[in-house]
Ligand SMILES: C[S@@+](CC[C@H](N)C(=O)[O-])C[C@H]1O[C@@H](n2cnc3c(N)ncnc32)[C@H](O)[C@@H]1O
């Protein structure tokens, strides 16, 4: 299993500790059974020799969760920066990239933000890329379900979507503004590309990488940006960017940063005309950025057999981060989750756990908030009881323990002394 984890990390940068060893194990065993293979060594050989099999594994483990205007403020900041840039470059075309774009909600939100800010469509170009061909196929289709629309203000849905029996179908005026590409951020093709984009969104990917892959990805991103370009990262990813050559742009809640040492301004504004597009393995393609790929042009069609949609939600990732000892990253992700999705017992419970691990007194307040939202949250009841006991408050601890016993899930209670 370790060798499979290493292969996955080498190909994608994804850290198996974050995917969760048990989850990966389940995915691999299911695949073994489906293929009728004798064991892990045979599966590993197949992975090493078959790009299609490797792609299948990657499709199964990547987290594709995303939604329109995720975090909101980055899109407002993006539109403001775009307008300023266009005012300073009266004949220029702003180039932006969303990588990873998953199923397209992020790059399409970028387009909607610009259109809402009255930016003329002929003044910007948006590329979007992802390692998952399944996600790209859905992005090109641009038909979305309720889960892609979260938060209080969904007025954009009335303006830019048509409700059809298949779901919410994006208007062509937005859909046609994005060019989708199959690409691996850590692929060699990105290494030598310089100054392609004025603005790059690379959100909620670095967090799944191990440290080495994070450093490499941020070097690649710095190269893709024009010297004074802007990089938007996910809420939990700012510390990673600032530890790897970027400085925060001081735009509240936008999670934007810029290179700490902009390269010489030679070529600034002269965008290279090609986006490097590479498949995950030897199956490499370069594709002109001005070529609009249509559905069906995908380099390899989505495969029918894989483990289905995203394996982990952002809170599950926060949990894995905590398990891997990355407590600050875990807290940042929980806080982002609370900001975006509103109060959640699971998020407060996790903040309580991390707070406890850090020895913080406020851990108990998080547990209380979780119980306020979900009085029967079993795990929280157990943990608050233990914490109170540790703090010497045995009466309160007993009350919570009794409550936990009352709501204990059947399989946990079976056969155990109470
Ligand atoms: C959680 S989604 C993020 C989507 C969007 N940026 C957002 O924040 O909502 C993560 C995406 O990263 C993609 N991904 C994982 N490893 C990648 C890599 N090495 N290169 C490019 N994309 C990758 C996955 O396929 C998945 O679609």
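The values are calculated or read from the model by the stated rules, or taken from the named source; none is laboratory data. Since this is a predicted model, take the numbers as computed values, not measurements. FYI the Cβ positions are ideal-geometry reconstructions off the backbone, even for glycines, and counts take in every protein chain you see.
Of everything listed in (1) surrounded by fewer than 16 Cβ atoms within 10 Å (Cβ to Cβ); (2) over 25 Å from residue 231 (Cβ atoms); (3) within 14 Å of the ligand (Cβ to nearest atom), the single unmet condition for residue 10 is (2). Across region 7-32, the number of residues qualifying as assigned to a helix (DSSP H, G or I) and under 24 Å from residue 330 (Cβ atoms) comes to 14. When region 179-212 is filtered for residues that are more than 19 Å from the chain's Cα centre (by Cα), within 16 Å of the ligand (Cβ to nearest atom) and within 24 Å of residue 71 (Cα to Cα), the ones remaining, listed by number, are 179, 197.
Here residue 97 fulfils each of the conditions (1) in the same structural domain as residue 141 (by TED's automatic domain parsing); (2) more than 15 Å from residue 205 (Cβ to Cβ) apart from (2).
Per-residue answers, yes or no, for (1) more than 16 Å from the ligand (Cβ to nearest atom); (2) assigned to a helix (DSSP H, G or I); (3) in contact with a helix residue (DSSP H, G or I) (Cβ under 6 Å, 6 or more places away or on another chain); (4) in the same structural domain as residue 227 (by TED's automatic domain parsing):
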{"position": "87", "(1), (2), (3), (4)": "yes, yes, no, yes"}
{"position": "101", "(1), (2), (3), (4)": "no, no, yes, yes"}
{"position": "118", "(1), (2), (3), (4)": "yes, no, no, yes"}
{"position": "150", "(1), (2), (3), (4)": "no, no, no, yes"}
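Taking region 83-114 on its own, how many of its residues are on the phi < 0 side of the Ramachandran plot and within 23 Å of the chain's Cα centre (by Cα)? Count: 18. Among the residues making up region 209-221, a single one is more than 17 Å from residue 183 (Cα to Cα) and in contact with a helix residue (DSSP H, G or I) (Cβ under 7 Å, 6 or more places away or on another chain): 210. On the stretch given as region 17-58, residues that are within 16 Å of the ligand (Cβ to nearest atom) and either exposed (fewer than 13 other Cβ atoms within 10 Å of the Cβ) or closer than 30 Å to residue 327 by Cβ (or both) total 9. If you take the residues in region 213-246 that are away from the ligand (no atom under 14 Å from the Cβ) and assigned to a strand (DSSP E or B), which one is farthest from residue 82 (Cα to Cα)? Selected residue: 246.
When 125, 106 are checked against the criterion of being within 13 Å of the ligand (Cβ to nearest atom) and out of contact with any helix residue (DSSP H, G or I) (no Cβ under 6 Å at 6 or more places or on another chain), a single residue qualifies: 106. For region 43-64, the criterion of being more than 18 Å from the chain's Cα centre (by Cα) and not in a helix (DSSP H, G or I) is satisfied by at least one residue.
For region 330-345, what are the residues that are surrounded by fewer than 21 Cβ atoms within 10 Å (Cβ to Cβ) and assigned to a helix (DSSP H, G or I)? Across region 330-345, the qualifying residues are 331, 335, 338, 339, 340, 341, 345. For the criterion of being farther than 19 Å from residue 206 by Cβ, part of a loop (DSSP other than H, G, I, E, B) and touching a residue at least 12 places away in the same chain (Cβ under 8 Å), residue 69 passes.
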